[in-house]
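The values are calculated or read from the model by the stated rules, or taken from the named source; none is laboratory data. Only a predicted model underlies this, so the values are computations on that prediction, with no experimental measurement involved. Cβ placement follows ideal geometry from the backbone for every residue including glycine, while neighbour counts extend to all protein chains displayed. Please note that ligands, DNA and RNA were not included when accessible areas were found on the heavy atoms of the full protein model with its side chains. Shrake-Rupley method; radii C 1.70, N 1.55, O 1.52, S 1.80 Å.
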Amino acid sequence: MREAGLVEHIRVLAGDRGAALLPTALDASAIAFARDVGLAVHPYPTVEAAEAALKMTMLLNTKTGFRETADQLGMRLPAGRVCPRPETEGVARELLREYERVVVKPDRSAGGHGMRFVSRDDLRGGAVLPLDTVGGPQACGWWRSAWTWPNR
């Protein structure tokens, strides 16, 4: 719309009809477009409210963000650590000194994709912790978290 020079035309049309933007996906570009043409983003009362919802969704859509938010709210969570991918095996070994098993999770994934359940036996004798490359082979910057199961 910007490249075609239609933003002002859309602003006029939307203003005349009391329209709101109904994006397929709430993302930064949809919010920017709504702001440019002076539309609310359905079902939010203001563009600022939609932007706040997007920020919170992005934060809570990662294990790191969820753990940080839960900690700020005083929620009880299983013991765990967040670390960069290259440190995952070392952190898992460290946690396995205290716990029988840990769960290693990609920071951002769904449906258990990339999750590993690891026991002390899995890493005996110099065994290496196999990790899926969630997000493709360049996903080395992804963060992984290790959580313990309740039993020790």
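Overview of values
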read-out	value
Options 68, 87; residue that is within 30 Å of residue 117 (Cβ to Cβ), touching a Leu at 6+ places or on another chain (Cβ under 9 Å), open to solvent by 80 Å² or more (accessible area, probe 1.4 Å) and of a type in the set (D, E, K, R)	68
Enumeration of residues in region 22-49 that are at pLDDT 90 or above and assigned to a strand (DSSP E or B)	41
Failed item, numbered, when residue 98 is tested on (1) within 27 Å of residue 130 (Cα to Cα); (2) open to solvent by less than 50 Å² (accessible area, probe 1.4 Å)	(2)
Close pairs (6 angstrom Cβ cut-off, 6 or more residues apart or separate chains): closer than 20 Å to residue 88 by Cα in region 55-70, assigned to a helix (DSSP H, G or I) anywhere	65/59; 66/60
Conditions (1) in a helix (DSSP H, G or I); (2) open to solvent by less than 50 Å² (accessible area, probe 1.4 Å); (3) small (Gly, Ala, Ser); number of the one not met by residue 109	(1)
Neighbours by Cβ (under 8 Å, 6+ apart or cross-chain): first from region 43-54, free of Cβ contacts under 8 Å to residues at least 12 places away in the same chain; second assigned to a helix (DSSP H, G or I) and surrounded by 18 or more Cβ atoms within 10 Å (Cβ to Cβ)	44/50
Within region 30-56, tally of residues that are open to solvent by less than 80 Å² (accessible area, probe 1.4 Å) and within 30 Å of residue 67 (Cβ to Cβ)	13
